[in-house]
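Quick notes on the structure that follows.
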Amino acid sequence: MSTRRLLWSLAAALLFVTACGGDSDEGSEPAAAASSETAAEGSDTEATEGDSASEADGEDAAPLEASGPITFWHSVPGAGGEMVDDAIARFEADTGVQVDAQFFEPDSYKTQIRIALGAGNEPCAFFSWGGGVMNSYVDAGQIIELGSRLESSGEVERLVPSSLTHVTYQDQIWGVPAINTSPAVFFYNTEIFADLGLEPPATWTELLAVMDTLSEAGIAPLSLANFSKWPSSFYFMYFVDRLAGPGTFEAAANRTGGSFADPVFVRAGELIQELVDRGAFVDGFNGIDFATGGDRQVLYADVAAMELMGSWHISLVKDENPEYLDKMGVFAFPDLEEGTGDPTNVVGSVGQNFFHVSSSRDSPDAAYELITYLFDDTSVAASVEQGRIPPIRGVGDLLEDPLQQEVFGLVEGAGSIQLWYDQYLRPNLAEVHLDLVQELFAGTISPEEAAQRMEETAASSSDESE
């Protein structure tokens, strides 16, 4: 069966019938669980064998058999989606197993996969962004352990060790990192900077001065898709990290003596509203939707000069407007002089998409084998060509594009890598975080109120889980 890539609406998800060979019992909504990992690049995370709810061994099946098509959901757009299609086609040709693949926009996917899992109707193989969301799948018995398969196949040796941190829970590995290494960095228009005599800033004071110069020239300093919520969170995360390092967030998130009402979180909210009051963002940023590319359109039109975005930005631009790449530069989130955090720290993910195998579907061996095609040598080469940095050992030797090299250098030199809050946190708390940050940017809540509401939600969620 040829692969299909289309954006599903909510109604389509409700009507979707998963085919992976056999029916499954009705499932329940995933239980919430907190993540306690740290993600320093290069850290040793060993795959540990262990039983799963439905799969007790990682033995190879030769030849692969499946009693129905392998259903597979992903969220890799543009040319990256073509790489996924090619991987699926090669898998089908090599194994004779058919694949039914579906593409989703990220914001839509979060709703669709929650509905599918809640109905016990999930695909055979699907992805998450790791962290607390994935942990909830484990607690609900909805995915199988994959560390034993990674070890027995030898694939674990190909992966950057830190990429397994976000999918390690209860001393087992539950997902396979693939597609991209994705820190959030500032992308900027080098032509605008050159015309105005600007240099990439290393400190927050320098960045504010750059913003003032841009504003005086009639150019919006920053593009932002605040309608989508999660891009706004990048600022909050970096402010917290630059103010105090990763420990303050981890203590609050894991309920180990910390609090989201800590002055650090209040100050992060204040810094956000200081930027808004300064006129740092493009007009109408509260209504700009990442899913429709509105944040990038204002960059292409030279209406805005910079954007804080994940490194997938490179591949999106390469796919949408390759000419713009010639005038695109990158710099790290600047050092915040009033803070004590390590300025080499980055916010992001080593892996970007982490693929899982459902525990309620037949043919787990075929589903796992399909996943391995996403990070084999052919797929890695294609990903690099498209502007991505797969979490594979030695990938630095494959990078020729200067932007990719700079991004990779920031990850290699990072003191720590903070997983996105909306993935690190339990799902209900993550949604509250995103809502509150959006409100901070919109000016409809004070930093003190936002911090207190976040803490109240975290405390209540912790009490309910005990």
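When residues of the range 360-379 are filtered for being hydroxyl-bearing (Ser, Thr, Tyr), more than 30 Å from Phe234 (Cβ to Cβ) and at pLDDT 95 or above, how many remain?
4
Among the residues that make up the range 286-294, is at least one of them touching a Leu at 6+ places or on another chain (Cβ under 8 Å), at pLDDT 95 or above and over 20 Å from Gly387 (Cα atoms)?
Yes, the conditions are met somewhere in the range 286-294.
Is there a residue in the range 417-429 that is outside any helix (DSSP H, G or I), of a type outside the set (Lys, Arg) and over 26 Å from Ser315 (Cβ atoms)?
Yes, the range 417-429 contains at least one residue that is outside any helix (DSSP H, G or I), of a type outside the set (Lys, Arg) and over 26 Å from Ser315 (Cβ atoms).
Given the condition closer than 30 Å to Gly394 by Cα and among the small types (Gly, Ala, Ser), answer yes or no: does some residue in the range 220-233 qualify?
Within the range 220-233, not a single residue is closer than 30 Å to Gly394 by Cα and among the small types (Gly, Ala, Ser).
Counting just the residues of the range 123-139 that are out of contact with any Ser or Thr (no Cβ under 6 Å at 6 or more places or on another chain) and modelled with pLDDT of 90 or more, which one comes out surrounded by the fewest Cβ atoms within 10 Å (Cβ to Cβ)?
Once the filter is applied, the top-ranked residue is Asp139.
Could you tell me whether any residue of the range 187-195 is touching a residue at least 24 places away in the same chain (Cβ under 8 Å) and closer than 30 Å to Asp377 by Cα?
yes
Test of understanding: among Thr372, Thr340, which residue is in contact (Cβ under 8 Å) with a residue 24 or more places away in the chain, among the hydroxyl-bearing types (Ser, Thr, Tyr), in a loop (DSSP other than H, G, I, E, B) and on the phi < 0 side of the Ramachandran plot?
Selected residue: Thr340, the only one of Thr372, Thr340 that is in contact (Cβ under 8 Å) with a residue 24 or more places away in the chain, among the hydroxyl-bearing types (Ser, Thr, Tyr), in a loop (DSSP other than H, G, I, E, B) and on the phi < 0 side of the Ramachandran plot.
Check the range 225-245 and report whether any residue there is in the same structural domain as Gly339 (by TED's automatic domain parsing), more than 28 Å from Pro106 (Cβ to Cβ) and without any contact (Cβ under 8 Å) to a residue 24 or more places away in the chain.
There is no residue in the range 225-245 that is in the same structural domain as Gly339 (by TED's automatic domain parsing), more than 28 Å from Pro106 (Cβ to Cβ) and without any contact (Cβ under 8 Å) to a residue 24 or more places away in the chain.
Could you check how many residues of the range 409-431 are crowded, with 19+ Cβ neighbours inside 10 Å and more than 15 Å from Arg255 (Cα to Cα)?
Residues meeting the conditions: 11.
Could you check, for the range 351-364, whether at least one of its residues is of a type in the set (D, E, K, R) and assigned by TED's automatic domain parsing to the domain that holds Val99?
Scanning the range 351-364, I find at least one residue that is of a type in the set (D, E, K, R) and assigned by TED's automatic domain parsing to the domain that holds Val99, so the answer is yes.
Of all helices (runs of 4 or more DSSP H) completely enclosed by the range 216-277, which ones contain at least 2 residues that are closer than 19 Å to Val185 by Cα and at pLDDT 95 or above?
230-244, 263-277
State the number of residues belonging to the range 83-120 that are within 24 Å of the chain's Cα centre (by Cα) and under 14 Å from Ser358 (Cα atoms).
Qualifying residue count, the range 83-120: 5.
The values are calculated or read from the model by the stated rules, or taken from the named source; none is laboratory data. Here the structure is a predicted model, which means the values were calculated and not measured. Here the Cβ is made from the backbone with ideal geometry for all residues, glycine too, and neighbour counts use every protein chain on show.
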